[in-house]
Structure formats: C-alpha cells, structure tokens
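What follows is one structure encoded as structure tokens, with my remarks underneath.
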Amino acid sequence: MHDNLRNLDVDVLDVVNLRNMFDDSDRAGELIEAGLTVLADLQRHGLVRHIGLSNVTPAQIAAGRRICDIVCVQNHYNLAHRIDDVLINRLANDQIAYVPFCPLGGFAPLQSSALTHVARLLNATTAQVALAWLLRRAPNMLLIPGTSSVTHLRENIAAAELNLPDTVIEALGAGASLALNSRKFD
C-alpha cells in the first residue's frame, strides 16, 4: 500500500479493490474479512478513499458491505460470460459500480457471427459493439478496457458514441444468432 502511494506520488489512493483469490462459498465472508478490515482501517487513516471488491460472489459482497462501504465490484463479465447478470442489476439498485473484467474476452477475444454481422452493419469494430453493449447493459457499468495501442484506445473511446438499436441490444444480450438485415435497424 505504502509502495503504491510512494510510486504514484500521491497521499491517498482513490480506489483500492480487494481481489478474492479463493473459491469457497461456504466461507465467503471470513475469507475476505481480514483483508477488507485492513483496507477499512487504511481508509479511516485517510490513505484509501474508496474500497471495491474483485472476483467475488454475492455472499462475499454482502459480507464486505457489513465491514465497509463498497463502491465497485470487478468480476469477469462480457457478452459471452454473463454469470453476473442478476448481480449487476442488484448492484445498480444499490448504486454500486460494476467493472467488467475482460470486457472484450481477454486473451481470447470475443468472436461470434452475430457480433461480426452487427459490427459490419454499423460500420464499427466487434470490440466497439461489445463495449457499446456493455455500456447500455446497465447504468452502473464502468468500463476499463485495457490496450497497448493508441489506435485501439481511440476505437474503444468511440464505442461510447455507438448507438446500438434496441433490437441489437436484445439479440446480443440474449446471445441469439442474428439474422438481421439493415432495415431492422431503422
């Protein structure tokens, strides 16, 4: 923690996520309690402004919220990996940000004929369509797609301006195979 403060040359870290490294739902609360208690203490001392959780279950989030305020949850989520659909909605109701980990699929980029078809019809990249879908998915969605390319960074930013028609949102959200023609986008 102190190394991060020194290396970043800041007095306080805006957000620190505690990443769950365990997969034991029976002991969900106790496995994150120790680390979260330390972070909450650092927050009380003014070294951490906000606390988030990463790679957690709903039970672990509930346990964490009993210790301190949680401002964000970062879990694996994208068009192809949608295990957190219900959780995202619950977090939105509680005004907690959801940060999808691997929003573009990670080392195995998202690929589907439906995604490719929509991207062609909208004159966009598949990554832009996938990011635009996430942005429309829920009001609490906070995207941080990583890239090492300025070109991809610009493409990712442009995804925020991509207007996906409701029919596309529904079809991609349902994972349906799209057999759309351009008239359906009017």
Original post:
Pairs, please: C-beta under 7 Å, at least 6 apart or cross-chain, first residue within 22 Å of L143 (Cα to Cα) and modelled with pLDDT of 95 or more and in the stretch 45-73, second among the acidic types (D, E) and assigned to a strand (DSSP E or B)?
Top reply: R49/D14; H50/D14
Subject >> Test result for L135, part of a helix (DSSP H, G or I) and in contact with a strand residue (DSSP E or B) (Cβ under 9 Å, 6 or more places away or on another chain) >> reply: yes
Original post:
For the stretch 131-148, which residues satisfy the criterion of being modelled with pLDDT under 90 and touching a helix residue (DSSP H, G or I) at 6+ places or on another chain (Cβ under 7 Å)?
Top reply: P145, T147
**OP:** Please go through the stretch 72-97 and pick out each residue that is surrounded by fewer than 18 Cβ atoms within 10 Å (Cβ to Cβ) and touching a strand residue (DSSP E or B) at 6+ places or on another chain (Cβ under 6 Å).
**Re:** H76
**OP:** Considering each residue of the stretch 149-186, count those that are modelled with pLDDT of 85 or more, assigned to a loop (DSSP other than H, G, I, E, B) and open to solvent by 90 Å² or more (accessible area, probe 1.4 Å), and give that number.
**Re:** 1
Original post:
Counting only residues that are open to solvent by 30 Å² or more (accessible area, probe 1.4 Å), assigned to a helix (DSSP H, G or I) and free of Cβ contacts under 8 Å to residues at least 40 places away in the same chain, how many does the stretch 113-126 have?
Top reply: 3
Subject >> Failed criterion for I67 (all others in (1) within 30 Å of A130 (Cα to Cα); (2) surrounded by 14 or more Cβ atoms within 10 Å (Cβ to Cβ) hold) >> reply: (1)
**OP:** Give the residue that is nearest to A63 (Cα to Cα), with candidates limited to residues of the stretch 20-44 that are open to solvent by 70 Å² or more (accessible area, probe 1.4 Å) and at pLDDT 90 or above.
**Re:** V38
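The values are calculated or read from the model by the stated rules, or taken from the named source; none is laboratory data. None of these values were measured; they are calculated from a predicted model. Neighbour counts are summed over all protein chains in view; Cβ atoms, including those assigned to glycine, are modelled from backbone coordinates with ideal geometry. We work out accessible area using only protein heavy atoms, side chains counted, and drop any ligands, DNA or RNA first. Shrake-Rupley method; radii C 1.70, N 1.55, O 1.52, S 1.80 Å.
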